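Take a look at the structure below.
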Amino acid sequence: MAGKVAAEAVKAGNTSAAFLQRFDRQWRARFGRDMDISYMINKRISNYSDIQWDSSLDLMKRLTPAQMAQALRGDFSASLVMGILARNPTLIATGGKRFLDLILERINKPALQPAHE
């Protein structure tokens, strides 16, 4: 993605910051939502107590191997979060509703569209 924009800039003879901003817009359009979700989850769990970690580890036992691998990579995509909630519906009933609402708000946020310049 960066290489493509750099090549376009050289070809156009325009390496200005404004032109190279295309990379940022394209990157955010592709990865922005997942990064927002990952940030929210990581921010939340960074302050966990021992009891909260024990509870989370119990929850992780119920994940599929693919979900576990994705979570350990820190790849908290919308599909992972929805998969976790599907396998652990009590999360919503035990205080996860507000967190779910925040995640759904982020998921439903329109993605940035790459500019056609």
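Assorted remarks:
- Computed from backbone phi with θ = phi - 60° and the Karplus coefficients 6.51, -1.76 and 1.60, the 3J(HN,Hα) list for region 70-76 is 5, 5, 5, 6, x, 8, 7 Hz; x is used for glycine and proline.
- Loop sites in region 32-72: trypsin sites (Lys or Arg not before Pro), DSSP, at most 11 other Cβ within 10 Å: LYS61, ARG62
- Couplings for region 29-42, taken from phi via the Karplus curve 6.51 cos²θ - 1.76 cosθ + 1.60 with θ = phi - 60°, read 5, 7, 10, x, 4, 4, 5, 4, 5, 4, 4, 4, 5, 5 Hz in order; Gly and Pro are left as x.
No lab work stands behind these numbers, since they all come straight from the coordinates. Since we're looking at a predicted model, the values are computed, not measured. Cβ coordinates were reconstructed from backbone atoms using ideal geometry, including for glycine residues, and neighbour counts include every protein chain displayed.
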